[in-house]
Amino acid sequence: MSALRVPIAALLCAASTCAFAQNYPSRAARMVVPWTAGGTADLMARIASQKFSESFGQQFVVDNRPGAGGLIGTEQVAKAAPDGLTLLLATTAPNSVAPSLYAKLSFDPVRDFASISLMATTCYVLSVHPSMPVSNARQLVALAKARPGQLTFSSPGSGTPNHLSGEMLKMLTGIDMQHVPFKGSAQAIADVIGGQIALSFENIVVASPFVKSGRIKALAVTSAKRASALPSVPTMAESGVPGFEAIGWFGVVAPAATSKDVIMKLNGEMVRMLSAPDVKERISSLGAEVVSTTPEGMDQFNRAQIALWAKVVKASGASAE
């Protein structure tokens with residue numbers, strides 16, 4: 001009798017899981033964004049949440065939980081119930097950079113999350129206030145060398161790729177600049193626009209409208225090739241800093257123990273939405289490149305990014321606690 005109980009229990013469990021996945025989502029869900037409203041991640045999350053709401057017939061609410069370089073909101077999802085009703089708009093800083101930047105983390109960006117799909121990749125734009133007497137990265141480096149320690153650069157938080165891009169510039173050129181962290185992209189770029197901060201490496205999604213309106217001056221993009229959103233802006237290599245390359249990424253993940261059936265249901269919807277012309281147009285118009293993957297593909301991508309940023313952190317000596 002007891003020998004039959006295990007397979008019967010297993011069958012009942014499997015049937016229950018299958019029924020749960022078929023009925024998912026049974027109520028409203030939330031997508032946590034570990035950054036402030038108005039930034040790149042927030043824009044991506046609102047696109048995904050709107051489409052999830054339309055497709056599943058349940059509301060997916062964007063929940064901004066900024067702070068600590070994206071760690072606060074990311075940790076909340078790592079510890080959330082694995083019911084598929086709490087998702088994370090995963091980003092480069094907490095999910096790829098943090099493992100090498102922090103001596104201790106309250107979560108593991110690989111072990112504690114179930115990948116669903118990548119959504120987009122972006123680059124960063126080295127920008128300055130229009131009054132700055134430089135027109136390319138080479139001239140900026142010369143100015144920084146003439147004024148050691150006087151130039152400031154902003155970022156949406158310590159340890160973000162924006163911050164580390166500035167550290168990479170210091171490392172590759174030997175200049176000395178002061179980092180000024182904020183709690184999000186909106187404030188970080190606002191102080192460059194206002195002239196309080198000399199420069200920033202801001203995500204192209206956020207920076208592009210301000211570049212096109214002339215409120216900031218773009219010196220270079222950090223990708224290996226020119227960005228379609230700003231085709232006249234040279235790469236860092238073209239602008240005088242060879243060997244400089246950095247990209248950002250956005251994707252959706254859930255707590256690690258979330259049902260595989262739910263993960264695949266969400267993945268299928270993400271792949272479908274990211275192939276839709278209106279979504280492609282919205283993301284591309286922001287300056288980002290649409291990317292969809294399998295859950296396994298996203299895992300492989302992030303493992304490679306973790307290894308890449310570990311080299312940058314080690315070489316720069318950057319750390320955060």
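Side notes on the structure shown:
- Wholly enclosed strands (runs of 3 or more DSSP E) of the stretch 145-218 bearing at least 1 residues buried (at least 24 other Cβ atoms within 10 Å of the Cβ): 152-155, 199-203
- Scanning the stretch 114-121 for any residue that is part of a loop (DSSP other than H, G, I, E, B) and modelled with pLDDT under 95 turns up nothing.
- Any chance Ile306 is aliphatic (A, V, I, L, M), touching a residue at least 12 places away in the same chain (Cβ under 8 Å), more than 20 Å from Gln22 (Cα to Cα) and crowded, with 16+ Cβ neighbours inside 10 Å: yes
- Conditions (1) surrounded by 14 or more Cβ atoms within 10 Å (Cβ to Cβ); (2) without any contact (Cβ under 8 Å) to a residue 60 or more places away in the chain: number failed by Gly287: (2)
- Conditions (1) outside any helix (DSSP H, G or I); (2) among the polar types (S, T, N, Q); (3) outside the structural domain of Val192 (by TED's automatic domain parsing): number failed by Gln76: (1)
- Test: Ser135 is in a helix (DSSP H, G or I) and among the hydroxyl-bearing types (Ser, Thr, Tyr): no
- Here Gln300 meets each of (1) in a helix (DSSP H, G or I); (2) under 30 Å from Ala29 (Cβ atoms); (3) over 20 Å from the mean Cα position of the chain (by Cα) with one exception, condition (3).
- Cross-chain or 6+ apart pairs with Cβ under 9 Å, the stretch 231-247 first and on the phi > 0 side of the Ramachandran plot, then modelled with pLDDT of 95 or more and surrounded by 22 or more Cβ atoms within 10 Å (Cβ to Cβ): Gly240/Ala137; Gly240/Leu140; Gly240/Ala220; Gly243/Met236
Residue-by-condition table, conditions (1) buried (at least 20 other Cβ atoms within 10 Å of the Cβ); (2) touching a residue at least 40 places away in the same chain (Cβ under 8 Å); (3) in contact with a helix residue (DSSP H, G or I) (Cβ under 6 Å, 6 or more places away or on another chain); (4) under 26 Å from Gln58 (Cβ atoms):
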| site | (1), (2), (3), (4) |
| --- | --- |
| Gly73 | yes, yes, no, yes |
| Ala80 | no, yes, no, yes |
| Leu89 | yes, yes, yes, yes |
| Pro94 | yes, yes, yes, no |
| Lys104 | no, no, no, no |
| Arg111 | no, yes, no, no |
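The values are calculated or read from the model by the stated rules, or taken from the named source; none is laboratory data. Given the structure is predicted, the values throughout are model-derived calculations rather than measurements. Backbone-built Cβ (ideal geometry, glycine too); neighbour counts: all protein chains shown.
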